[in-house]
Amino acid sequence: MQLHNIKKSSGITTARRIGRGGKRGKTSGKGHKGQKSRAGHKIRPAERDMIKRLPKLRGHGKNRSRTVNPDKVAPSVVNLSVLEVHFADGDRVSPKALVVKKLVNTLSGRVPKMKILGFGTLTKKLTIAECEVSKSAKEAIEKVGGKVL
């Protein structure tokens, strides 16, 4: 065997470099003009265009509570009519008590903030603790002889 008898093993082919030097003429097999004929052509992914079209949370308008403080959680709401049905005279109403009676769901394992609203009538003396209370609800509770702590 001599050097002039050695043959290349097949399958070792490298990618042809297009557009370098004078061979293959004018467009070097890239067709005519346009984004795909340019050097380093990149096409934007469709996902990015979709993301760019989504609206941003902007400003201090009617949605201020969501745009300025998006993690703010609105309190869970319970009306006086519900308390009238589920609690006895002299009971203490707290967020934990409402969760135990399954009037309110927990938020990812935590007892939620509560607000008691004044819809309905109340005839029982209840003690409200650790809850926000609306003006009308507070008047109704104190009118019957209950307390808001």
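The values are calculated or read from the model by the stated rules, or taken from the named source; none is laboratory data. Note that the coordinates shown come from a computational prediction; the quantities given were computed from them, not determined experimentally. When we count neighbours, we look across all protein chains shown, and the Cβ atoms used for this are built from the backbone with ideal geometry, even at glycine.
Here are the numbers for this structure:
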| quantity | calculated |
| --- | --- |
| In region 81-93, the residues that are surrounded by 14 or more Cβ atoms within 10 Å (Cβ to Cβ) and either under 11 Å from residue 128 (Cα atoms) or of a type in the set (Asp, Glu) (or both) | 83, 84, 91, 92, 93 |
| Conditions (1) modelled with pLDDT of 80 or more; (2) surrounded by 10 or more Cβ atoms within 10 Å (Cβ to Cβ): number failed by residue 5 | (2) |
| Residue, surrounded by the fewest Cβ atoms within 10 Å (Cβ to Cβ), within region 122-149, restricted to residues that are of a type in the set (Gly, Ala, Ser) and within 16 Å of residue 81 (Cα to Cα) | 136 |
| Residue in region 65-78 that is at pLDDT 75 or above, loosely packed, with under 11 Cβ neighbours inside 10 Å, under 30 Å from residue 131 (Cβ atoms) and out of contact with any His (no Cβ under 7 Å at 6 or more places or on another chain) present | yes |
| Selection count where residues are assigned to a loop (DSSP other than H, G, I, E, B), aliphatic (A, V, I, L, M) and farther than 14 Å from residue 122 by Cα, scope region 82-98 | 0 |
| Filtered residues of region 99-114 (kept if surrounded by 15 or more Cβ atoms within 10 Å (Cβ to Cβ) and not in a loop (DSSP other than H, G, I, E, B)) | 99, 114 |
| Count - residues of region 106-142 that are free of Cβ contacts under 8 Å to residues at least 24 places away in the same chain and polar (S, T, N, Q) | 4 |
| Region 99-118, subset in contact with an Asp or Glu (Cβ under 8 Å, 6 or more places away or on another chain) and among the basic types (Lys, Arg), residue farthest from residue 77 (Cα to Cα) | 113 |
| Meets criteria (at pLDDT 85 or above, hydrophobic (A, V, I, L, M, F, W, C) and farther than 24 Å from residue 148 by Cα) for residue 12 | no |
| Filter result for residue 96 (modelled with pLDDT of 75 or more, surrounded by 10 or more Cβ atoms within 10 Å (Cβ to Cβ), basic (Lys, Arg) and under 30 Å from residue 140 (Cβ atoms)) | yes |
